[in-house]
1. Within region 86-100, does at least one residue satisfy the condition of being surrounded by fewer than 13 Cβ atoms within 10 Å (Cβ to Cβ) and more than 27 Å from Q47 (Cα to Cα)?
2. Under 21 Å from D119 (Cα atoms), out of contact with any Pro (no Cβ under 8 Å at 6 or more places or on another chain) and touching a residue at least 24 places away in the same chain (Cβ under 8 Å): which single residue out of L102, L32 fits that description?
3. Is it fair to say E68 is farther than 26 Å from E127 by Cβ and out of contact with any strand residue (DSSP E or B) (no Cβ under 9 Å at 6 or more places or on another chain)?
4. Of the residues E67, E8, E90, E109, which single one is more than 15 Å from the chain's Cα centre (by Cα) and not polar (S, T, N, Q)?
5. For region 55-69, how many residues are over 17 Å from K44 (Cα atoms) and touching a residue at least 40 places away in the same chain (Cβ under 8 Å)?
6. Could you identify the single residue in V43, V59 that is of a type in the set (A, V, I, L, M, F, W, C) and at pLDDT 95 or above?
7. Scan region 167-179 for residues that are surrounded by fewer than 20 Cβ atoms within 10 Å (Cβ to Cβ) and either in contact with a helix residue (DSSP H, G or I) (Cβ under 6 Å, 6 or more places away or on another chain) or not hydrophobic (A, V, I, L, M, F, W, C) (or both) and jot them down.
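The values are calculated or read from the model by the stated rules, or taken from the named source; none is laboratory data. Computed from a predicted structure; not experimentally measured. Please note: Cβ atoms are built from the backbone with ideal geometry, for glycine as well, and neighbour counts cover all protein chains shown. We work out accessible area using only protein heavy atoms, side chains counted, and drop any ligands, DNA or RNA first. Shrake-Rupley method; radii C 1.70, N 1.55, O 1.52, S 1.80 Å.
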Amino acid sequence: MIRIVIAEDQGMLLGAMKSLLNMEEDMEVVGLAKNGEEAVQLVKEHQPDICIMDIEMPVKTGLDAAEELHEETDCKVIILTTFARPGYFERARKAGVRGYLLKDSPIEELVNSIRVIMDGRRIYAPELVDFVYEDDSENPLTERESQVLELVAEGKTTKEIAAELFLSAGTVRNYISTILDKLGVGNRIEAISRFKEKGWNK
């Protein structure tokens, strides 16, 4: 069972999210918070797997709470927001946030994101992270990371890449995880697409 705490200062939305997530057979909402401070307390008290938080909340914002939880717990944080604001995504990424999603996304998208994040991956809504690279035409990947991604683009498996670059499969997986994180994407296909779109593969 995936145990969840939700933090949202709009009461109606908070109740709706709780009802919808509790309808999923593998999910249980164990706490509801109206601000970031309550969220931190509930996470420490209940030790949930996931904490879903709005960014704009009184007393303590979702980002402030995420930063505190990152230092003190293993809880995976999903931030919900309405707007793409410069600086917010970068701050969320540094706070170890696993999901950065639009608040008005369909509930199915949130449910799917929770399961994907529980599998150890990150999910960032493209609409919220595109601006991060708008004025940055420099490739954020190191030479080795670019090399790994180019081999992924050629359709090579982790094992084949490891053999070609004389690395362990675990090291290749770590490289791929770092690549997805740096490019703000959720999977290899999106990484290849962003890499080519920016012309970094030339």
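1. Let us first name the residues in region 86-100 that are surrounded by fewer than 13 Cβ atoms within 10 Å (Cβ to Cβ), namely 86-87, 90, 94.
With more than 27 Å from Q47 (Cα to Cα) added as a condition, the list becomes 86-87.
Looking through region 86-100, at least one residue is surrounded by fewer than 13 Cβ atoms within 10 Å (Cβ to Cβ) and more than 27 Å from Q47 (Cα to Cα).
2. Working: L32 fails: under 21 Å from D119 (Cα atoms).
So the residue among L102, L32 that is under 21 Å from D119 (Cα atoms), out of contact with any Pro (no Cβ under 8 Å at 6 or more places or on another chain) and touching a residue at least 24 places away in the same chain (Cβ under 8 Å) is L102.
3. Details: farther than 26 Å from E127 by Cβ: yes; out of contact with any strand residue (DSSP E or B) (no Cβ under 9 Å at 6 or more places or on another chain): yes.
Taking the combined requirement at face value, the residue satisfies it.
4. Numbers: E67 fails: more than 15 Å from the chain's Cα centre (by Cα); E90 fails: more than 15 Å from the chain's Cα centre (by Cα); E109 fails: more than 15 Å from the chain's Cα centre (by Cα).
None of the others qualify; the one that does is E8.
5. 3
6. Numbers: V59 fails: at pLDDT 95 or above.
Checking each option against the conditions leaves just V43.
7. Just the residues of region 167-179 that are surrounded by fewer than 20 Cβ atoms within 10 Å (Cβ to Cβ), to begin with: 167-171, 173-174, 176-178.
Result: S168, A169, G170, T171, R173, N174, S177, T178.
Quick grid of which residues meet (1) of a type in the set (S, T, N, Q); (2) under 21 Å from G186 (Cα atoms); (3) open to solvent by 10 Å² or more (accessible area, probe 1.4 Å):
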| residue | (1), (2), (3) |
| --- | --- |
| L21 | no, no, no |
| L32 | no, no, yes |
| N35 | yes, no, yes |
| V40 | no, no, no |
| Q47 | yes, no, yes |
| G62 | no, no, no |
| D74 | no, yes, yes |
| P106 | no, yes, yes |
| N112 | yes, yes, yes |
